[in-house]
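The values are calculated or read from the model by the stated rules, or taken from the named source; none is laboratory data. These numbers come from a predicted model, not from an experiment. Here the Cβ is made from the backbone with ideal geometry for all residues, glycine too, and neighbour counts use every protein chain on show. Side chains included, ligands, DNA and RNA excluded: accessible areas come from the protein's heavy atoms. Shrake-Rupley method; radii C 1.70, N 1.55, O 1.52, S 1.80 Å.
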Amino acid sequence: MRIATIAVGLCLAGASASAQETPTAVFDIETTGDLAEICAPTTTDGESEAATFCYGYIVGAGQLYAEVIRAKSIEPIACPATVPTLDEIRTNFLTWSEANPQFAGERAIDGLMRSAAATWPCS
């Protein structure tokens, strides 16, 4: 019981500390174009926050994709020979999105998956 109380206390302390912090950047990602804009390298002060958000989006999408594959809900759409780095995925996505502006208005996750499928096809 004491361990559970400590764990709850730590969670609440973390939540209140997080609530007190003021975010310096807010990213509103809905479309492939939005994600490309955030993932594009810049020279502004917000570059590290944008890069962190971009990499976080890629990691989250990758984890979702892996779990959906594991659950056998979908067939694999991208089959790289080795696990690509986050920067390889980001660079591939940016190159693909620049070459395929017709997909800029579709959901960000769809564009990211399209770029992976185009680069690392399974067939």
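Structure data summary
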quantity	calculated
Under 12 Å from the Cys79 label point (7 Å along Cα→beta-carbon), backbone N, the stretch 98-123	120-123
Thr31 long-range amide H proximity, modeled H, under 5 Å	Ala108
Loop-resident sites, the stretch 59-119, for GluC sites (Glu not before Pro), counting at most 15 other Cβ within 10 Å (DSSP)	Glu106
Where Cys79, Cys54 fall by accessible area, highest first, once all protein chains stay in place (1.4 Å)	Cys79, Cys54
Shape call, the stretch 32-123: gyration tensor on alpha carbons, a/c limit 1.5	prolate
